[in-house]
Amino acid sequence: MAEETKVRLHGMWASPFVRLVKLTLEIKDIQSEYVEEDLENRSLVLLNYNPIHKKVPVLVVNGKPLVESLIILEYIDETWRNGPRFLPEDPYKKAQLRFWCSFVHKQVFETMMSVLTSDGEEQEKAAKEFFERLSTLEEEIKNIFPEGIQVIDQKNVGLLDLVVVTTLSHYKAQEEYLGLKLIDPEMTPLLFSWLTALLELPLVKEALPHHEKVVGFLKYLRQETLKSTSA
Amino acid sequence: MAEEVLVFGAWGSPFSRRVEMALKLKGIEYKYIEEDLTNKSPSLLKYNPVHKKIPVLVHNGKPVAESLVILEYIDETWKDHPILPKDPYERANARFWAKFIDEKCLSAIFKACWGACWGEEKEHEKAEIEHEKAVKEVSELLQFLENELKEKRYFGGETVGLLDIAANTIGYWLGVFEEASGVELLTREKFSKLCNWANEFVCVTAIKENLPPRDKLIAYFRNRFGAGNASK
């Protein structure tokens with residue numbers, strides 16, 4: 001873009017959807033401002049920019065708001081054409097990518113959240129569904145990496161890499177707190193290797209919040225949901 | 001090179017009809033395969049092993065699933081009669097509203113039409129309150145769409161675009177649900193723009209030719225979900 005573009009991201013540190021957009025802006029070297037939103041007390045600005053869902057992330061580009069992380073990603077990729085491209089040109093490859101990104105954001109993330117915010121029998125049920133989704137993903141990884149997990153470089157990182165790592169990046173702290181395995185190297189070895197490689201990327205590593213912060217947030221989430229579900 | 005385009009769908013599904021509408025708009029020949037959703041074919045299960053759902057588009061043997069993903073694939077593969085604008089912000093906007101319709105509107109509409117019919121006689125009052133809440137929610141959601149339409153003829157501007165096609169659920173199926181359940185949602189007094197748009201939308205050739213017969217659809221939904229308030 002020729003003239004100066006004002007870019008501001010409204011987010012919340014624990015949201016994988018916000019992390020995704022943040023990482024993308026960094027990889028594309030786009031100068032932007034970041035505003036941390038308190039989801040208990042959303043700013044008027046946020047409610048004005050996203051009146052329908054009232055959620056983060058919201059990316060504001062020259063005063064115009066964009067919402068929904070995957071939609072924001074496509075916008076960023078189409079607008080800032082220098083640097084690494086996240087979406088391939090080939091329509092079929094693009095369609096596959098869109099399908100799998102949506103799968104991770106919906107089917108994987110939602111079942112994961114069910115596991116994180118439940119206990120007892122309900123948690124067991126949720127975990128079973130979550131592991132089924134991970135198995136499906138594991139099968140697909142064989143197609144994506146037919147020769148095994150390649151070395152992933154910050155320069156050749158793709159959209160699905162980012163979606164996977166941002167959705168699952170807190171798993172270790174979550175596993176420790178809950179006392180159950182989420183990403184099992186024996187059940188889903190390819191996913192485990194892929195995630196491990198992605199977590200080593202400097203950009204990702206630097207942005208990982210501290211263990212205590214993740215645990216603290218998980219405790220808060222569980223408190224909120226478990227108290228509201230016990231009649 | 002001979003192109004082979006297959007569409008796996010179901011006659012009453014707005015999602016598979018979307019795919020056919022887009023192909024028709026672009027003048028693409030395809031072979032349609034009707035799926036019995038109570039007895040899915042081995043081909044469907046092979047082409048969409050993850051969700052096992054229709055629609056699936058198979059282009060020269062390669063499958064694409066999820067109606068909105070398919071619409072984008074169609075637009076990127078066959079460049080005549082583009083259904084998405086060129087400007088990245090406008091594209092993001094169209095994608096947002098299409099997702100909004102699928103993720104928020106449809107379930108709210110269903111709840112308003114048939115949600116209150118479940119439950120027993122003595123819970124009638126509670127059901128009434130729930131029903132009113134559901135109707136109010138649909139009204140709020142439709143208002144967003146009414147505002148988004150502004151003074152345009154179609155969501156896509158002068159011609160039908162991806163968002164118009166995605167809004168087929170609002171443009172045609174909503175009327176069917178209303179008649180099948182007896183619940184009024186898209187009223188002319190509140191949503192004159194949307195009503196005008198719906199009337200124009202169903203007249204577009206590529207759309208008209210891909211709408212399932214209204215009576216058959218009404219009967220199907222009445223049968224499946226009950227006549228709701230229609231018989232009162």
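The values are calculated or read from the model by the stated rules, or taken from the named source; none is laboratory data. No experiment lies behind these values; they were computed from the predicted model shown. Cβ atoms come from the backbone with ideal geometry, glycine included; neighbour counts cover every protein chain shown. Surface areas here come from the heavy atoms of the whole protein model, side chains and all, with no ligands, DNA or RNA. Shrake-Rupley method; radii C 1.70, N 1.55, O 1.52, S 1.80 Å.
Summary of values
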{"quantity": "Charge tally in the Cβ shell below 12 Å around A:Leu66, where Lys, Arg are +1 and Asp, Glu are -1, A:Leu66 excluded", "calculated": "0"}
{"quantity": "Selected from A:Leu218, A:Leu70, A:Leu47 as most flexible by GNM, with chain A as the system and alpha-carbon contacts under 10 Å", "calculated": "A:Leu47"}
{"quantity": "Proximal lysines to A:Lys28, defined as alpha-carbon separation beneath 16 angstrom and excluding residues fewer than eight positions away on the same chain", "calculated": "A:Lys6, A:Lys155"}
{"quantity": "Note, ³J(HN,Hα) from phi for the range B:197-203, Karplus 6.51, -1.76, 1.60, rounded to Hz, x at Gly and Pro", "calculated": "4, 4, 5, 5, 4, 6, 8"}
{"quantity": "Amide hydrogen neighbours beyond the local backbone of A:Val58, cut-off 5 Å, H modeled", "calculated": "A:His10"}
{"quantity": "Shielding by partners, peptide B:87-100 (average Cβ within 10 angstrom, other chains)", "calculated": "5"}
{"quantity": "Whichever aspartates and glutamates have a C-alpha closer than 17 Å to that of A:Lys227, once near sequence neighbours (fewer than 8 apart) are set aside", "calculated": "A:Glu40, A:Asp119, A:Glu121, A:Glu122"}
{"quantity": "Candidates B:Arg17, B:Arg188, B:Arg153, ranked by Gaussian network fluctuation over chain B, Cα under 10 Å, top entry", "calculated": "B:Arg188"}
{"quantity": "Trypsin sites (Lys or Arg not before Pro) restricted to DSSP loop in the range A:34-112 with at most 15 other C-beta within 10 Å", "calculated": "A:Lys54, A:Arg81, A:Arg85"}
{"quantity": "Within the range A:173-231: Cβ-based charge dipole about Cα centre, in debye rounded to nearest 20 (Lys, Arg +1; Asp, Glu -1)", "calculated": "280 debye"}
{"quantity": "Over the range B:1-140, volume per residue of the alpha carbon convex hull, in Å³", "calculated": "138 Å³"}
{"quantity": "19 Å Cα-Cα reach of B:Lys190 towards lysines, excluding residues that sit fewer than 8 places from it in its own chain", "calculated": "B:Lys133, B:Lys136, B:Lys150, B:Lys152"}
{"quantity": "Accessible carbon and sulfur surface of the range B:6-74 relative to its total accessible area, %, 1.4 Å", "calculated": "53 percent"}
{"quantity": "Efficiency of FRET between B:Lys79 and A:Lys172 - r from beta-carbon atoms, R0 45 angstrom, step 0.05", "calculated": "0.45"}
{"quantity": "Intensity falloff of the range B:133-232 expressed as log10 I(q)/I(0), Debye formula with alpha-carbon point scatterers, at q = 0.15, 0.17, 0.21, 0.22 Å⁻¹", "calculated": "-0.63, -0.80, -1.13, -1.20"}
{"quantity": "Exposed-loop-free span, longest in chain B, where GluC sites (Glu not before Pro) count as exposed if DSSP calls them loop and at most 16 other C-beta atoms lie within 10 Å", "calculated": "B:30-119"}
{"quantity": "Translational diffusion coefficient (Stokes-Einstein; Kirkwood radius from C-alpha pairs) of the range A:108-171 at 20 °C, 1.002 mPa s, in µm²/s", "calculated": "162 µm²/s"}
{"quantity": "Gaussian network model of chain B, springs between alpha carbon atoms under 10 Å - residue of B:Ala198, B:Ala127, B:Ala94 with greatest fluctuation", "calculated": "B:Ala127"}
{"quantity": "Taking the C-alpha atoms of the protein assembly as shown, convex hull volume expressed per residue in Å³", "calculated": "181 Å³"}
{"quantity": "Stretchable slack from A:Met113 to A:Arg222, in nm (0.36 nm times residue separation minus alpha-carbon distance)", "calculated": "38.2 nm"}
{"quantity": "Per residue accessible area in Å² of chain A, where ligands, DNA and RNA are left out and the probe is 1.4 Å", "calculated": "51 Å²"}
{"quantity": "Accessible-area order (highest first, 1.4 angstrom probe) of the listed residues A:Thr166, B:Thr187", "calculated": "B:Thr187, A:Thr166"}
